[in-house]
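Worksheet for the structure shown next.
The values are calculated or read from the model by the stated rules, or taken from the named source; none is laboratory data. Predicted model, so just to flag it, every value in this text is computed and none were measured. Here the Cβ positions follow ideal geometry from the backbone for every residue, glycine too, while neighbour counts run over all protein chains shown. Each accessible area value is taken on the protein alone, full model and side chains, heavy atoms only, with ligands, DNA and RNA left out. Shrake-Rupley method; radii C 1.70, N 1.55, O 1.52, S 1.80 Å.
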Amino acid sequence: MRQLALTSLLLVIVLVSLSAYLRLSHSGIGCADWPACYGLIGNASDSVPTVESTLERLATETQQASSWATPAHRLIASALGLAVLAMALIAIAQKRHRAISIALLMLTVFLTWLGIHSAGLHSPAVVMGNLAGGFTMLALLGWMVLQPEKPVTSRRPVVRNWTIAAVTLLVFQIGLGGLTSANFAASACPELPTCNSRMLPGPGLATAFDLSRSHAIGSSGLALGGPERAAIHQLHRLGAVLTTVLVVVAGIVALQAKLGVSAVLVLILVAAEFAVGIAAVIADLPIEIAVLHNWLAAMLLLALLRLLALSQRQQAIR
């Protein structure tokens, strides 16, 4: 069972990165002449000859960029589905980890259905559904795999409370990152630390959180947006600052509790994630940095879950 969980976790980590790459490349990030093609989700109108040929070429290049990632994603997802099914059958037979295994199986079915019946990667509901489903599978498998094999003692049970708070805020921050992508808002704030000369999010947040809407398409084939883009982007930035502070506190508390390796890993990952987020803005968001930003968030979540697992075991000993 543990071997299957570990294999599934590794597959999910790869899928999270591939999903990020596909989502970002289909939005136009990484294409030639970026960000001219950002948000290209429709066909250019014949009435705009000055941009039609350019957009048509960029659309083709975007499709070519993901030609290898799509079959790889499907192949790995199929292998993951078989592993999760095997885990569910073993869990039912052994009467262990049944709740998590069945939840993983249901998530796999949901994500499969979403991939088959969704209109594509441009719907906010589809983007958030894929993101939430993938990271939930990552967290459940991480919780199974990262449980300590031997009891660990500590003088600081407060680690658990700080880690729970850090995990909660990180999950919220990951959701804000998904909403930033779903609203084509990655390039809405080109300067630091302000966003269009504002420190706080402006109007339009309610629109950014609305997953039921469809993006309007302009004559050039680009998704149309309004002030909600800058608002959700700046909220994501503010969330990054708060999340970083809270995770650093959790890491320091864990260090004081003599959880050295896990605590140091958390501190390194949160520093790297924050630095990559800044680099993404400064470097005009190349797709490599954008995917790395997503991957580091996944690794940070797993590292925090490791701390939480250790603190849970510590409390049990007492």
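With respect to (1) surrounded by 21 or more Cβ atoms within 10 Å (Cβ to Cβ); (2) under 17 Å from the mean Cα position of the chain (by Cα); (3) not in a loop (DSSP other than H, G, I, E, B), the lone exception for Leu285 is condition (3).
When both residues are 6+ apart or on different chains and their Cβ atoms are under 9 Å apart, which pairs have a first residue that lies in the range 266-278 and is within 9 Å of His293 (Cα to Cα), and a second that is surrounded by 18 or more Cβ atoms within 10 Å (Cβ to Cβ) and basic (Lys, Arg)? Short answer, once both residue conditions are applied: Gly277/Arg237. Within the option set Leu242, Leu238, Leu205, Leu169, being farther than 24 Å from Gly30 by Cα, open to solvent by 30 Å² or more (accessible area, probe 1.4 Å), in contact with a helix residue (DSSP H, G or I) (Cβ under 7 Å, 6 or more places away or on another chain) and free of Cβ contacts under 8 Å to residues at least 60 places away in the same chain holds for one residue only, Leu205. For Val291, are the conditions met, namely being touching a Phe, Trp or Tyr at 6+ places or on another chain (Cβ under 9 Å) and of a type in the set (A, V, I, L, M, F, W, C)? Yes; evaluated as a whole, the condition is true for this residue. Hey, among the residues in the range 146-165 that are assigned to a helix (DSSP H, G or I) and more than 20 Å from the chain's Cα centre (by Cα), which one's modelled with the lowest pLDDT? It comes out as Val158. No other residue among Leu24, Leu58 is within 22 Å of Asn183 (Cβ to Cβ), assigned to a helix (DSSP H, G or I), at pLDDT 60 or above and open to solvent by less than 30 Å² (accessible area, probe 1.4 Å) apart from Leu24. Taking the stated definitions as given, is Val248 open to solvent by 20 Å² or more (accessible area, probe 1.4 Å), within 23 Å of Ala20 (Cα to Cα) and at pLDDT 95 or above? So Val248 does not fit the description; no. Tell me which residues, restricted to the range 61-100, are of a type outside the set (Gly, Ala, Ser), at pLDDT below 90 and touching a Leu at 6+ places or on another chain (Cβ under 6 Å). Within the range 61-100, His73 is the sole residue that qualifies.
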